[in-house]
Structures are given as structure tokens and as C-alpha cells.
1. Among the residues in region 10-17, are any more than 14 Å from the ligand (Cβ to nearest atom), among the acidic types (Asp, Glu) and at pLDDT 95 or above?
2. Of the residues in region 158-180, how many are of a type outside the set (S, T, N, Q), at negative phi and not in a helix (DSSP H, G or I)?
3. Exactly one condition in (1) in a helix (DSSP H, G or I); (2) open to solvent by less than 40 Å² (accessible area, probe 1.4 Å); (3) within 14 Å of the ligand (Cβ to nearest atom) is false for Lys223; which is it?
4. With respect to Glu334, is the statement that it is without any contact (Cβ under 8 Å) to a residue 60 or more places away in the chain and either of a type in the set (Phe, Trp, Tyr) or open to solvent by 40 Å² or more (accessible area, probe 1.4 Å) (or both) true?
5. Could you list all residues from region 258-296 that are in contact with a helix residue (DSSP H, G or I) (Cβ under 6 Å, 6 or more places away or on another chain) and within 24 Å of Thr355 (Cβ to Cβ)?
6. Hey, among Gly383, Gly370, Gly424, which residue is small (Gly, Ala, Ser), surrounded by 23 or more Cβ atoms within 10 Å (Cβ to Cβ), touching a residue at least 40 places away in the same chain (Cβ under 8 Å) and more than 16 Å from the ligand (Cβ to nearest atom)?
7. Residues of region 85-97 being assigned to a loop (DSSP other than H, G, I, E, B) and more than 16 Å from the ligand (Cβ to nearest atom), which ones?
8. Search region 320-331 for residues being of a type outside the set (D, E, K, R) and in contact with a helix residue (DSSP H, G or I) (Cβ under 9 Å, 6 or more places away or on another chain), and hand back the single one that is most open to solvent (accessible area, probe 1.4 Å).
Amino acid sequence: MEKVLDEKTLKQDALDVLKNNDLGKSTKPAPQLYPHQWSWDSAFIAIGLSHSNPSRALTELETLFDAQWKDGRVPHIVFNPNTKDYFPGPDRWNCAALSPAAPEKPATSGLIQPPIHAFAVKTVFDVAPELKDRVRALYPKLVRWHKYCLTERDPEKMGLITIYHPWESGTDNSPRWDSPLKGVKVGEVPPYTRRDTKHVNDPSERPSNEEYDRFLWLVECLKKDHYDDAKLYKTYPFLVKDALMTSIFTLSNHALIELAKQLDAPKEEVQMLEGWQKRAVDGLLEHSWNRQKMLALDLDMERGGAQVDVSTCAGLSPIVVPRLPAEIATKIKEQMFSDKFAGWSDLKFRVIPSTTPGTAGFHPRAYWRGPSWPVISWLYWIGLRQNGFEKEAKELRQQNLDLLEQPEAKFGEYFELTKGTQLGSADQSWTAAVALDWLAS
Ligand code: 2M8
């Protein structure tokens, strides 16, 4: 067997990945596959950088929030003007021309991604209190972002965030979206050439052409309604209440409440944030948590809010909810290490599969349909520790580090389960970032 990397080498390699992907004031998620700034990637990157360069870590988030829309949304992609090698690029989204809320510059997409940013800002602030003035400047933007999530994206006031596109979920091609996508009647999609498939070894690790047509048709529908939430809510064919997105919201919003107190925000503002927290936690536990399945499920709003019955890593997401009732936390922990996830007997490393092996929609090498994403294990490692499951957290951290210390792992975007083979892009920034955080812990 080939010798594994030691922790010192792994750390240096991780720092090199982030350095090589550095665009100056933001970091691209991968050298070629993802050449712009991505919203939630930047939050993980900031956490990874917080140990070596907290000032640069905060810059990552400041750059992202410079592109915040007037309505509070934080775009999922901020386009790097120096590259054209990505599709769909700024022209296809055409946001500034279509929506008065979008910034003229920089060009952005019109979607969002999970709101992990306040948690990242708090993490940076904890290690670098001297950055207080800059954190203070970011704080109101974070409040507007959270407000957008829980108002425009939750007009029903259920406490659950609605997504318009699988790209918003961060788990793009997950079986979570198979049933809601079936209801979308694909119309005429303007011609396009994919660029993503040429940057991976095997195109079947990426979404299929049919899936891409569907994704792009949804973009056309968003454009038709000018990215206007009120209009979209009436006519749009894909409205899903996202359990993972909402769980992450509660983790981040809890951090935002602490930030608000540290920055002496007005009492009424703290109370408003606390109100959102209660609403989101109640929403998750009342509508999304399925006691029989012991999983949090998404709700398909095009089908009267029915739960989407699949077994994916998103189902474990309430583990990150602060102050989760102990009984639910224990059930999720058991589920996480059962044969459905990190206890599956064929795993080379006991990491968290993105989809339960053998269940509907599972595929061993396809995008978000089985392979493991270190960034998800990292998120749930945070959740386990938050709930006092230190032993399990330690084991999950170690298994992920063992995987990443294989010389051929190369900070992969994701990994096949039975052999630990690297899939998708190599030198993925958020994989390097979470490795840095694990090594520092
Ligand atoms: C993946 O998403 C992009 C589209 O946004 C893609 O598949 O082309 C997802 O894994 C997403 O969660 C991630 O933020 C992005 C960049 O790493 O890649």
C-alpha cells in the first residue's frame, strides 16, 4: 500500500490549494471546473483560512457580500470577469438587465445557496477580535440576508426556506429533486454548450444532458419572471422547502444572534433574530422531521407540501440545529452511523454517503447520488460536537482525514465510497478548507 501523507504535508498541501485557487479577493472553488466565486464555498473557505490568515478569510466574505442584491439575496455565483470558461455565464443569467434588485457590477447569478455565512463570520471573529470594525460593517448585510431567506423565501411563514432550483440546495443532482423535477414540463431551451463535462475524467460523474436541459429550463423560467420572488411564487414550476438549507440557516442564525449581542445591536433587532430562530427550528421539527424515517425531508410545494421520501445526507441535517431536543439528536446520531450512512459495511472509510446506498436514486459515482463530500462530513462533525457526541465526532474527523491523507485523494470534490477514489475536480477549495479546520481542531 502506498504511504499516506502525514498531517504536516496535508496541511501544507491544503494551504497550497487555497493559494493556487486565490483570485485576489475571493477564491474559486476549483481550478477549472468552477472558475468564479461560489457563495457557500466561500464561507467554508473563510473558515479554513481563519487559522492562518483571518483578515484574508474575512475579505472572502466581504467580496461576496459586495455582490448582495438590493432585496437581500446573496447570489450563488459572483462572476470573475477574467474568465469565459463556464456555462451558464453572466450573459445567460442576464440579472442586471432583468431585475432592478441585481447589482450592475459585479455580474452574478440569480439564485442563492445555503446561508452558512454568519457562522463563518462568527468563526473568523472568534479567532480575530481585532477585526471588529470589519465584522460590524458586515453585520447588517448578514441580517438582510437572513431576512430575505425567511421572508421572500417563506411567504407561508412555515419557518422553512423555499428553493427554486437544485443548484440552490448545494446538493445539485441529489435524488431529493427527482420527484419535484418530474413535475417540471421542459419548454424550449435556447441552444448551449456545456463546459463542465470537459473538466472531469468521466462525464458520467456530472449531471446528464437531460438533467442539464431541465436545470436550464428553470433558469429561463426565473428570467421570465425577472427573478421576482412574488411573481415566481405564483407561476414557477419548482418550489421546494429545503430541509438542509433550513437546518444550516438555524446554525448560522444562532451565530448571528451571538454576533448581534457582541456588537451591541439594538434589543429589538436581537429579538427579531430570535423570532426567526424559533420559527425555523419549529418549522423543521413540525413539518420536515419524519419520526418514522428518522430523517428530515424536503416538502414539495407543487404537491401540497408533501414530504419527498428519499434517504440522503440532507435528512441528517437537523444535527446542526442549535439546542436540538436530545431525543432527536440521539436518533440522528444513530441513523448517521447506521448501515444507511457511515456504518455501511462496504465503505472504505466511514464517512457520510450523500445518498443511502441501494436506495432510490443511488449511484456509486454520480454527482450527489452516493459519493461522499468531505464538506458534508465536516458540517455534521460540527453538529455532533454541538450535541455532545464527542466520540462520534472524533471518529468522523479521523476517518475523513484518513481518506484525505491518501496520496491520490488530492483534495477531491467528492469520493467514491467503496474504494475512496477521488471524483469530480481535484484541488477543490472547500475540501482543503475543511481539512485545515480539522487539522487545527
Ligand atoms: C456544485 O454546483 C455547481 C452549480 O452551482 C455545479 O454543479 O456546476 C455544487 O456541489 C455546489 O454545492 C457547489 O457550491 C459548487 C461549487 O463547488 O459546485
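The values are calculated or read from the model by the stated rules, or taken from the named source; none is laboratory data. Predicted, not measured: the structure shown is a model, and the values here were computed from it. With ideal geometry, Cβ positions are generated from the backbone for all residues, glycine too; neighbour counts draw on all protein chains shown. Please note that ligands, DNA and RNA were not included when accessible areas were found on the heavy atoms of the full protein model with its side chains. Shrake-Rupley method; radii C 1.70, N 1.55, O 1.52, S 1.80 Å.
1. Checked region 10-17: at least one residue is more than 14 Å from the ligand (Cβ to nearest atom), among the acidic types (Asp, Glu) and at pLDDT 95 or above.
2. The total comes to 7.
3. If we test Lys223 against (1) in a helix (DSSP H, G or I); (2) open to solvent by less than 40 Å² (accessible area, probe 1.4 Å); (3) within 14 Å of the ligand (Cβ to nearest atom), just (3) comes out false.
4. So Glu334 fits the description; yes.
5. If the condition is that a residue be in contact with a helix residue (DSSP H, G or I) (Cβ under 6 Å, 6 or more places away or on another chain) and within 24 Å of Thr355 (Cβ to Cβ), then Leu284, Ser288, Met294, Leu295, Ala296 are the ones that fit.
6. Selected residue: Gly383, the only one of Gly383, Gly370, Gly424 that is small (Gly, Ala, Ser), surrounded by 23 or more Cβ atoms within 10 Å (Cβ to Cβ), touching a residue at least 40 places away in the same chain (Cβ under 8 Å) and more than 16 Å from the ligand (Cβ to nearest atom).
7. Asn94
8. Of everything passing the filter in region 320-331, Pro325 is most open to solvent (accessible area, probe 1.4 Å).
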